[in-house]
1. Name the pairs: first residue in the range 1-23 and under 14 Å from Asn68 (Cα atoms) and β-branched (Val, Ile, Thr), second residue modelled with pLDDT of 75 or more and part of a helix (DSSP H, G or I), Cβ to Cβ under 6 Å, at least 6 apart or on different chains?
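The values are calculated or read from the model by the stated rules, or taken from the named source; none is laboratory data. Note that the structure is a prediction, hence the values are computed from the model and not measured. Methodologically, a virtual Cβ is constructed for each residue, glycine included, from the backbone with ideal geometry; neighbour enumeration extends over all protein chains shown.
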Amino acid sequence: MYVCGVFRMSDATKGDIWVVVLHEMIMHIQKFVDDNPMEYKGKEKKAYTTGLGMVSVLCKRMIEDIVNE
């Protein structure tokens, strides 16, 4: 429900909450790729970034599915 320019928490659907959670995961994934906290190099870094990229793509597809429901 929209009241005086503010949405109440009860108006958020499960889908809305999942979209926010998945988007936050994508943002964290990008930060992990950028920061490389384990300081991977070479093949390990390639595997690390590829794996995180796959999770990011999965999150994006899940968001698309939720939005299209």
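1. Val19/Ile63; Val19/Ile66
Quick grid of which residues meet (1) more than 11 Å from the chain's Cα centre (by Cα); (2) loosely packed, with under 14 Cβ neighbours inside 10 Å; (3) within 29 Å of Asp16 (Cα to Cα):
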| residue | (1), (2), (3) |
| --- | --- |
| Ile29 | no, no, yes |
| Phe32 | yes, no, yes |
| Asn36 | yes, yes, no |
| Glu44 | yes, yes, no |
| Thr49 | yes, no, yes |
| Met54 | yes, yes, yes |
| Val57 | no, yes, yes |
| Arg61 | no, yes, yes |
| Glu64 | yes, yes, yes |
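This table checks each residue for (1) of a type outside the set (Val, Ile, Thr); (2) in contact with a His (Cβ under 8 Å, 6 or more places away or on another chain); (3) at pLDDT 95 or above.
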| residue | (1), (2), (3) |
| --- | --- |
| Val3 | no, no, no |
| Asp11 | yes, no, no |
| Asp16 | yes, no, no |
| Val33 | no, no, yes |
| Glu39 | yes, no, yes |
| Ala47 | yes, no, yes |
| Val57 | no, no, yes |
| Lys60 | yes, no, yes |
